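The values are calculated or read from the model by the stated rules, or taken from the named source; none is laboratory data. Only a predicted model underlies this, so the values are computations on that prediction, with no experimental measurement involved. Ideal geometry is used to build each Cβ from the backbone, glycine not excepted, and the neighbour counts take in all protein chains shown. Just so you know, the surface numbers come from the protein's heavy atoms only, side chains and all, with ligands and any DNA or RNA stripped out. Shrake-Rupley method; radii C 1.70, N 1.55, O 1.52, S 1.80 Å.
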Amino acid sequence: MVLVTRPEPGLSATMAEVRALGWDAVACPMLDITTFESVAPGAFRAVLVTSANALPALRDWPRDRLIVAVGARTAARARKAGFVNVEAADGDARALAAFCRARGILGADVLLASGEGYGVELARDLGVQRIEVYAACKREALPDDAAAALRGGRVDSVLLYSGKTAEAFREALGAEEVTALSAVRALCLSEAIAARLDPKEWRAVMWPDPLEQLGPAV
């Protein structure tokens with residue numbers, strides 16, 4: 001059994017991919033996403049997007065505007081939203097920064113669309129403008145079926161796609177659930193997310209690409 005902790009958009013698609021590998025997927029979203037008002041198009045040559053949650057705020061932007069996504073999944077969602085000039089970094093903020101530096105996507109005519117409290121260092125490092133377009137609030141408890149599966153020793157892996165999700169998941173656990181982690185793999189999108197966890201509590205902490213680390217069910 002696999003707990004999928006990401007919120008929509010992404011939860012349903014990831015659960016389908018987990019099931020395609022032969023695993024029993026259980027929805028365990030640990031964040032509630034609130035999207036702010038859409039952003040009026042500006043004279044920016046590129047928009048950096050660190051999460052698919054930022055894309056609804058760009059609904060009025062020209063579809064030929066350069067979108068630089070943090071990773072392939074966010075890039076795919078940008079293309080699905082109709083953007084035709086989309087590039088993808090390798091999956092985390094560090095990779096996005098390196099991607100932009102290598103291609104000269106820097107300066108005040110570049111916009112970073114990020115979540116509330118996210119992307120401050122990235123914007124400063126690249127010298128770009130930043131706007132907050134959504135909020136991600138931690139949930140305080142696991143869904144009942146996910147918590148019961150964890151306590152019952154039926155969970156093989158937990159998929160973690162952001163640092164805040166990893167923190168929310170760990171903070172929501174009671175003593176019995178924490179003890180159960182010793183038999184569970186934490187499969188993280190990046191090393192930075194894995195660094196939010198205590199490896200001594202888990203059977204294994206692995207990254208990157210949670211689905212690749214998960215592999216087919218035996």
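Label points 7 Å out from Cα along the Cβ direction at A175 and I131: separation in nm?
Result: 5.0 nm between the two label points.
Which of the listed residues, C28, V18, A78, is farthest toward the dipole's positive end in the chain, when Lys, Arg count +1 and Asp, Glu count -1 at the beta-carbon?
A78
If amide hydrogens are placed 1.01 Å from N in the peptide plane, which non-local residues have theirs closer than 5 Å to the one on L31?
HN-HN under 5 Å from L31: R139.
Express the carbon and sulfur contribution to the solvent-accessible surface of segment 96-218 as a percent, rounded to the nearest whole number, probe 1.4 angstrom.
So the carbon and sulfur contribution to the accessible surface is 50 percent.
List the lysines whose Cα sits under 21 Å from the Cα of K164, skipping any in the same chain fewer than 8 residues away.
Answer for K164, where 21 Å is the Cα cut-off: K138, K200, listed by chain and number.
Could you work out how much longer the chain between N85 and A16 gets when fully extended? Use 0.36 nm per residue separation minus the Cα distance between them, nm to one decimal.
Extra length available between N85 and A16 comes to 22.1 nm.
Can you run phi through the Karplus equation (6.51, -1.76, 1.60; θ = phi - 60°) for segment 155-171 and list ³J(HN,Hα) in whole Hz, with x for Gly and Pro?
So the Karplus estimates, Gly and Pro as x, are 9, 8, 8, 10, 8, 10, 10, 7, x, 5, 4, 4, 5, 5, 4, 5, 5 Hz.
Suppose only helical runs count, i.e. DSSP H with n ≥ 4. What mean residue ellipticity at 222 nm does that imply for the chain under -39500 (n - 2.57) per run, divided by all residues and rounded to the nearest 500 deg cm²/dmol? Spell out each step's value before the answer.
Numbers: 9 runs with 69 residues, N = 218.
-8500 deg cm²/dmol, from helical runs alone.
Heavy-atom accessible area per residue, the chain, 1.4 Å probe: how many Å²?
Details: 10100 Å² over 218 residues.
That works out to 46 Å² per residue.
What FRET efficiency comes out for D198 versus R154 if R0 is 22 angstrom and r is the Cβ-Cβ distance? Round to the nearest 0.05. Display every interim value, and only then the final one.
Details: r = 22 Å, r/R0 = 1.01.
Efficiency, rounded to the nearest 0.05: 0.50.
Name the GluC sites (Glu not before Pro) in segment 16-102 that are in a loop by DSSP and that have at most 12 other C-beta atoms within 10 Å, would you?
Hits after loop and neighbour filter: E37.
On the protein heavy atoms, probe 1.4 angstrom, tell me the percent of accessible surface of segment 4-73 carried by carbon and sulfur. Write out the running numbers ahead of the final one.
Working: 1590 of 2880 Å².
Roughly 55 percent of what the probe reaches on segment 4-73 is carbon or sulfur.
With Cβ to Cβ distances under 12 Å as the rule, what net charge do the other residues near T34 carry (K, R +1; D, E -1)?
Net charge around T34: -4.
When 1/r is averaged over all different Cα pairs and the result inverted, which Kirkwood radius in Å belongs to segment 19-137?
On the way: mean 1/r = 0.0681 Å⁻¹.
When all Cα pairs of segment 19-137 are included, the Kirkwood radius is 14.7 Å.
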